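Take a look at the structure set out below.
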Amino acid sequence: MSNWSERLKQVCILSARLVLAIAFLFSGITKAVDPWGTAFKIQDYLIHFGLNQLVPFWLYPYMAMALAGLEFYVGLCLMWGIRRYFTALVSLAIMLVMTPLTLWLAIANPIADCGCFGDALVLSNWATFGKNVFLLLCVLLLWRGRRLATRFISENTQWLISVYGLLFVLLLMGHCMYHLPIADFRPYRIGNNITEQMEIPEGETAPEFDTRFVMEKDGKQQEFTLDNYPDSTWQFVDSYTVQTSEGYVPPVHDFILERVSDGEDITDQVLTDEGYTFLLVAYDLTKAQQGTVDLVNELYDYCNAYGYTFYGVTASGDEAIEQWRYDTGAAYDFCRMDAIPLKTMVRSNPGIVLLKEGTVINKWGSNDFPTEEYFRKPLEQTTLVDTDGSAPYGTLWKVVVFLLAVPLGLITLLDRVWTGLLLIGKLRKKSKISNLLKKKKMRKKIVAGNWKMNKNLQEGVALATELKEVLAADAPNCGVVIGTPFIHLATVAELLKDSVIAVSAENCANKEKGAYTGEVSAEMVKSTGAEYVILGHSERREYYNETPEILKEKVDLALANGLKVIFCIGESLAQREANEQEAVCKAELAGSVFHLTAEQWKNIVIAYEPIWAIGTGKTATAEQAEEIHAYIRSCVAEVYGAEAADDTTILYGGSCKASNAPELFAKADIDGGLIGGASLKAADFKGIIDAFK
Ligand code: 13P
């Protein structure tokens, strides 16, 4: 796919995700801010599906909180691009259920408002269906491209967003459940005038409504209208209003107060009363909390003392009212009203609404009823009428901005800065490592054998032949050298002429030529076809008293005759125990090779061979070896510079086998091995060579 269409796809997925995130967050918050409203809406749906009998009343608020919490959480995850599979799956499931449901709502019209966004945004049922089709398309797009969704926060920090978001929504729901919603989108919000909310604009006609009462007798529920309202053997369960003819429906259309004592409609009287009217609103007295009845009675006494009106308003039947009077000692008059406006007016059962000339002056949930300290002076002199509740979003926007957006924004910002710093650090480290690897890759890797004084000519030729064949069949990933006694050199060098194996002598004289019986000069070695010479081996230093000065002469002659030198250094056990290994190695280098020019240095290979590990079966650990190899390289760097040091091949020798070679050779400063015992069998030697594969 071209870059351009890939970009377009990403933009579409991001847009779909953000649209869904905003829809879910808005939907979740508007439900969370009014858990009782959401609970009533769920109850409405279940009544219409005939399932309300299956759900106990106490479960509704929990269902409401679960729904609001889920929508909010999905919105949050979508916004930040986290938990992509979970959110894509849940939003797909939600939309696959909601879209057909809202189609049914639009066609059958059993509920006027779907309740998607609580009371904050009321859409017609067809508009809701259209909105859901659009959101379903967004979800399908997101589902297909969920893996491409860019996350706005790192995986390590995403839990902070989840935990903070869930805590926020839980506390918000808890607060709005215990108190009243912190935002009120309903027509009865503080500051609204109910009479104005009931007005029908000029030119519009009013629709007609009918109230349905759900009553129960002998465990059987049945619906009634005002015309066939049953006798008192039926118990009131619920009531709702249905629209029987089209027309303009004002926000308040069912505020009708009917005094229970005489059946009189006192709606106008209450809404035009120039004094204060307290309404104790309890849509269902049998479910109303009785914990605050003393305060209610005190408030009623206060109203009597100061000339304010007080009514209890309920949709409950006479029996429930009588029971309430009996239980609480209520002396106030009751009015009856449909349950829906009562549930809408105040999200508490009971709640208190204070009116003056039809304007909602204040309202309280049962956990915040005015207490007796207010009842000593006229209302105007108290803070009970001093409210600032006219904005529908109330304090919600402040809560969302300061307790949600700002903290989550800060978490995201800190995460981005931290991730940025880590990334810079990682890139730096990566470039360092890759430089190091490049260097390590650049310098030559060598596995060199040192036969020492083993193998007669025939055996040596046989071993060289076998090795040649083995490596011809399976080419090595490193340079291979075999160091043979002088006697083999010419034959073996000739044998290996066209192979990948180079040949080395194990020694050469410190004299150029002349009367040195038994010696072999560097020139002679070179003339056999050999490429390398091993010098400074600890066995030669120890048994043949080769001093640094003698070795220096040998090195010079070898280089002068075009040979490359594998120069051995290493400490004894006593020196290692005295922690003198670094000093020993440095002195051996300084004594015999550090006088060379930079150009000559290019033909030097160092072999670090701790004497205590040679032929003993004791290997230096990879860490021990790496430590001293790095030190040796630093010594080379001091003399020839970092670049030359990086290019210098440093081999490890001492009980190196196929089993430990991979670990040793994997170290940054170990570039191969100088092998004694294990170079005497082709298979063993090949095993070590294969460590580079
Ligand atoms: P070993 O591998 O037998 O320990 O010998 C190492 C060595 O001295 C190579 O020069």
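Determine the per residue accessible area of the chain with all protein chains present and a 1.4 angstrom probe, expressed in square angstrom.
Ligands and nucleic acids excluded, the result is 48 Å² per residue.
Which distance in nm do the two modelled labels at residue 373 and residue 154 give, with both placed 7 Å along the Cα-to-Cβ direction?
5.0
With r defined as the distance between the Cβ atoms of residue 205 and residue 264 and R0 fixed at 25 Å, what FRET efficiency is calculated, to the nearest 0.05?
0.35
Can you tell me the Rg and the Dmax, both Å, for the Cα atoms in the stretch 572-684?
14.1, 40
Mean separation of Cα pairs under 8 Å and 6+ residues apart, divided by the residue count of the chain: what relative contact order is that in percent?
9
Over the Cα atoms of the stretch 230-364, how large are the radius of gyration and the largest Cα-Cα distance (Dmax), in Å?
Looking at the stretch 230-364, its Cα Rg and Dmax stand at 14.8, 46 Å.
Could you give the size of the charge dipole of the chain about its Cα centre, using +1 on the Cβ of each K and R and -1 on the Cβ of each D and E, expressed in debye and rounded to the nearest 20?
With only Lys, Arg, Asp and Glu charged at Cβ, the dipole is about 4940 debye.
Calculated FRET efficiency, residue 426 and residue 144, Cβ-Cβ r, R0 30 Å, to nearest 0.05?
According to the calculation, E is roughly 0.40.
Roughly how many percent of the accessible protein surface of the chain is carbon and sulfur, given a 1.4 Å probe and a whole-percent answer?
Ligands and nucleic acids excluded, carbon and sulfur give 58 percent.
Once Lys and Arg get +1 and Asp and Glu get -1 on their Cβ, which of 225, 211, 191 lies farthest toward the positive end of the dipole of the stretch 178-241?
Of the options given, the answer is 191.
Using all Cα-Cα distances in the stretch 456-609, what percent lands in each 5 angstrom bin from 0 up to the longest?
2, 9, 18, 20, 18, 15, 11, 7, 2, 0
Quick check: convex hull over the Cα atoms of the chain, volume per residue in Å³, rounded to an integer?
Per residue, the Cα convex hull of the chain comes to 274 Å³.
Could you pull out every whole DSSP H run in the chain that spans at least 27 Å of Cα extent along its own axis and averages -1.0 or higher on the Kyte-Doolittle scale?
Long hydrophobic helices here: 3-32, 59-80, 84-108, 125-144, 158-178, 406-442.
Taking only the alpha carbons of the stretch 185-301, what extent do you get along each of the three principal axes, in Å, biggest first?
Largest to smallest, the principal-axis extents are 49, 42, 31 Å.
How high is the FRET efficiency between residue 413 and residue 634 when r is their beta carbon distance and R₀ equals 56 Å, given to the nearest 0.05?
Given R0 = 56 Å and the Cβ-Cβ separation, E is 0.85.
Under the Kirkwood approximation for Rh and a Cα-based Rg, what ratio Rg/Rh is obtained for the stretch 106-164?
The Rg/Rh ratio comes out at 1.17.
Tell me, what is a quarter of the convex hull surface for the C-alpha atoms of the stretch 268-315, in nm² with one decimal?
Result: 3.7 nm².
Note down the net charge around residue 332, summing +1 for each Lys or Arg and -1 for each Asp or Glu among other residues with Cβ under 11 Å from its Cβ.
-1
Percentage of Cα-Cα pair distances in the stretch 62-166 greater than 17 Å, rounded to whole percent?
58
The values are calculated or read from the model by the stated rules, or taken from the named source; none is laboratory data. Quick caveat, the model's predicted, so the values are computed rather than measured. In this analysis, Cβ positions are derived from the backbone assuming ideal geometry, glycine residues included, and neighbour counts consider all displayed protein chains. Note: accessible area is taken over every heavy atom of the protein model, side chains too, but ligands, DNA and RNA are not part of it. Shrake-Rupley method; radii C 1.70, N 1.55, O 1.52, S 1.80 Å.
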